[in-house]
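The values are calculated or read from the model by the stated rules, or taken from the named source; none is laboratory data. Predicted, not measured: the structure shown is a model, and the values here were computed from it. Here Cβ is always computed from backbone atoms with ideal geometry, including for glycine, and neighbour counts include all displayed protein chains. Protein only, heavy atoms only, side chains kept; ligands, DNA and RNA dropped before computing areas. Shrake-Rupley method; radii C 1.70, N 1.55, O 1.52, S 1.80 Å.
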Amino acid sequence: MTVSVSIDEQVLDDYKKLTTRKINYQLCRISDDCTQIIVDKSGKADSYAEFVAMLPENDPRYAIHDFEFTTSDGRKSSKIVMFYWLPDSSSIKAKMVYASSKSALRSTLSSIAVEVQATDLSDMDVEEVKARVVR
């Protein structure tokens, strides 16, 4: 099943805001008619935990976060992380549509340092993500 989706202009506008630190997260979803990747919500989360709490329990999302961490020598740093949120509880069709559309979004957005595929909240654990980011 090949799905061809376009990227809504708002996704690119919000991503630009994310890369310039005006916002620190962006959640994107596939439109109901499965033709576009659109912004679900975006803004500034007070913490990584708040960002994770925004992920829907049973529906996939593309989630992009400006992940802040402290380096081993004590410096504050951040990297843009793209999460493919594909909960086990979401439908097979939804998982297939998101999986087949991922490359369209990924190739459009530059500056992503790390990609994380998550099927449950344990995959979103802050220490797990930090370990991947600081590699």
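Normalising by the residue count of the chain, find the relative contact order in percent from Cα pairs under 8 Å and 6+ residues apart.
Working: 218 pairs, mean separation 30.3, N = 135.
Once divided by the residue count of the chain, the mean separation gives 22 percent.
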Mind putting a number on the dipole of the chain about its Cα centre? Charges go on the C-beta only, +1 for Lys and Arg and -1 for Asp and Glu, and I need it in Debye to the nearest 20. 520 debye
Would you mind calculating the relative contact order of the stretch 37-88 from Cα pairs under 8 angstrom and at least 6 residues apart, reporting the percent as a whole number? 33 percent
Most to least accessible of S101, S4 (protein chains only, probe 1.4 Å): S4, S101
Exceeding 20 Å between C-alpha atoms, which entries from my cross-link table qualify? They are K16/K76; K22/K76; K22/K102. K16/K76; K22/K102
Modelled label-to-label distance, A104 and K41, 7 Å Cα→beta-carbon offset: nm? 2.5 nm
Say a paramagnetic label sat at a point 7 Å from the Cα of E115, along Cα to Cβ; which residues of the stretch 32-73 have their backbone N under 17 Å from it? 37, 61-65
Let me test this: with uniform point scatterers at the alpha carbons of the stretch 39-135, what is the Debye-based log₁₀ I(q)/I(0) at q = 0.17, 0.18, 0.19, 0.25 1/Å? -0.77, -0.87, -0.96, -1.52
